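Structure record follows, encoded as C-alpha cells.
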Amino acid sequence: MSCYLADLLLRQYSRIKGEKGKGFRYSDIKKVYTIVIFEKSSRPFYEQARSYIHRGRTKFDTGLVLDFLQEYCLVALDVFREIPYAEHKWEEEAWLGLLATETVEEALILAEQYPWMVEIYKEMADYMKRPEEVLNMFSEALQILDRNTTQYMIEVQQEQIEEQKEKLLAAEQEIKRLQKLLDEKEES
C-alpha cells in the first residue's frame, strides 16, 4: 500500500513539475488517496467491532500535527458482509453492497433498497453475456497505464540528460578557462 501511494504521489509530482517547469511549487501537488478493498481481510480487521472502513493518515507519537499529501482508506468487504443489509442506509454502503454481493438474493435486496442500482445490475449482466467487452476495457486500461509509465520514464531520462548537459557545459567552461591560463602563461 505504501509503495502504491508513493508511486502515485511521485507520478503526480513529476507530471506537475514537468508541466509548470520553473513555476512549479510544492503547493501545486494535491492529496493522494489510496483506497484498498480487501475481499478477505486479516485478523486485525475483525478486531475492530463492526468497522469495515478505516481511514488513516500519518500520525506522530508526540501529537505533532502536519498535513501530509497521503491518506489511506481500507475497506474490508468480508467484515461488511457480516452486518445485515437492513443496517445499511447510506449510498456509500450501497456501493460496498454492490462489491460484496455474492448471490442473486442479495442483489435483489440491495436493488429493492436502492432502485437506482437496478440499471447497474443490468449492465453487469450484459457484461457477463459479452465478456470480451470487459477484456477490452481492461486492455485499454493497461495501455493507458503502460503509456503513463513510458511517459514517466521518458521524463526521468530527460532530467538525467539535462543534468549531464549541465555537467558537460561546466566541464567545457573549465577547460576553456584552463586553456586561457595556459595560453597566458606561454605568452609571458
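Observations, loosely collected:
- Of all residues in region 112-133, those being open to solvent by less than 60 Å² (accessible area, probe 1.4 Å), under 21 Å from residue 37 (Cβ atoms) and without any contact (Cβ under 8 Å) to a residue 12 or more places away in the chain number 1.
- Qualifying residue in region 156-167 (condition: open to solvent by less than 80 Å² (accessible area, probe 1.4 Å) and in contact with a helix residue (DSSP H, G or I) (Cβ under 8 Å, 6 or more places away or on another chain)): yes
- Of all residues in region 43-65 being hydroxyl-bearing (Ser, Thr, Tyr) and open to solvent by less than 100 Å² (accessible area, probe 1.4 Å), the one that is farthest from the chain's Cα centre (by Cα): 51
- Scope region 14-26; condition among the charged types (D, E, K, R) and open to solvent by less than 100 Å² (accessible area, probe 1.4 Å); matching residues: 17
- Filtering 39, 87 for residues that are at pLDDT below 85, open to solvent by 50 Å² or more (accessible area, probe 1.4 Å) and of a type in the set (D, E, K, R) leaves a single hit, 87.
- Flag if residue 29 is under 28 Å from residue 156 (Cβ atoms), touching a residue at least 40 places away in the same chain (Cβ under 8 Å) and either surrounded by 12 or more Cβ atoms within 10 Å (Cβ to Cβ) or hydroxyl-bearing (Ser, Thr, Tyr) (or both): yes
- When residues of region 1-26 are limited to those that are among the small types (Gly, Ala, Ser) and over 17 Å from the mean Cα position of the chain (by Cα), the one nearest to residue 155 (Cα to Cα): 18
- Residues of region 1-16 that are in contact with a helix residue (DSSP H, G or I) (Cβ under 6 Å, 6 or more places away or on another chain) and more than 15 Å from residue 31 (Cβ to Cβ): 14 alone.
The values are calculated or read from the model by the stated rules, or taken from the named source; none is laboratory data. Just so we're clear, the structure is a prediction, and the values are computed from it rather than from any experiment. Here the Cβ is made from the backbone with ideal geometry for all residues, glycine too, and neighbour counts use every protein chain on show. Note: areas computed on protein heavy atoms with side chains; ligands, DNA, RNA excluded. Shrake-Rupley method; radii C 1.70, N 1.55, O 1.52, S 1.80 Å.
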